[in-house]
Amino acid sequence: MRHRFNLVVAQRFYQRGTVCFGTRSAAQTGVSTMMDVRGANPARQGEVGAGWGWILAYGIVSVVLGITAFVWPFTATFAATVVIGAFFFVAGGFAIAAALFGHGSTQRGYSILFGVLSLIVGLVMLLEPATGALSLTLMVAVWLGVRGVLELIYGVRLKRGRGMLIALGVINVLLALFILATVPFSALALPGYILGISFIFGGATSITAAADHRKGASAFAVPS
């Protein structure tokens, strides 16, 4: 009897000890988890939304520039032509330098020809912006026309989405014909309008990204 009583007491003591220690371990785990969460919150709060004001300012400036390009399309066209001309000029200079000072190049002649052509195009755009704008406009018209014809060809062959692709092709062909019919006015205004559209859409995207980033999303994250 005494042996059985001692055995029962030992079992109860062991069960109480297990419960107590288990409760204590759970409490310690909860405290450590809370400390980890509290320790991570400040860093997380410092990262989320940081710099959203700069993204918003960039978007606002882009929208303002886009509206300005729509109000003064001729000025925007000349500015875009000069910038593109400067790019061609600098690229041509680097291409010629790479061909002359590079060792072991098997395409030196091509690099020199490309550099000279880029220099000529850049100089024309810088010295004669109207001629450069006309060239850009004709390139856009040709691109729209070729794209529209290809969309019409593939749209006829499609079984699904045929109407949308054919409509897009018709619109692009009509735009190309309109540009060619309104030269030289379109040459002086079209690049400015394209620049304005690009700035406006880019600015609107940045403004939306800034608002989402302020609410906790990653900067420049693609909306889900």
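The values are calculated or read from the model by the stated rules, or taken from the named source; none is laboratory data. Keep in mind it's a predicted model, so treat the numbers as computed, not measured. Methodologically, a virtual Cβ is constructed for each residue, glycine included, from the backbone with ideal geometry; neighbour enumeration extends over all protein chains shown. Note: areas computed on protein heavy atoms with side chains; ligands, DNA, RNA excluded. Shrake-Rupley method; radii C 1.70, N 1.55, O 1.52, S 1.80 Å.
A few notes on this one:
- Of all residues making up the stretch 180-192, the number that are closer than 16 Å to T68 by Cβ and at pLDDT 85 or above: 0
- For the residues L158, L150, L168, the requirement of being open to solvent by 50 Å² or more (accessible area, probe 1.4 Å) and modelled with pLDDT of 85 or more singles out L150.
- Residue within the stretch 148-165 that is among the basic types (K, R), out of contact with any Gly (no Cβ under 7 Å at 6 or more places or on another chain), within 28 Å of V83 (Cβ to Cβ) and in a helix (DSSP H, G or I) present: no
- Condition check for L190: open to solvent by 60 Å² or more (accessible area, probe 1.4 Å), in contact with a helix residue (DSSP H, G or I) (Cβ under 9 Å, 6 or more places away or on another chain) and of a type in the set (A, V, I, L, M, F, W, C): no
- Qualifying residue in the stretch 79-94 (condition: modelled with pLDDT of 80 or more, buried (at least 19 other Cβ atoms within 10 Å of the Cβ) and hydroxyl-bearing (S, T, Y)): yes
- Scanning the stretch 95-143 for residues that are out of contact with any Ser or Thr (no Cβ under 6 Å at 6 or more places or on another chain) and open to solvent by less than 30 Å² (accessible area, probe 1.4 Å) yields a count of 6.
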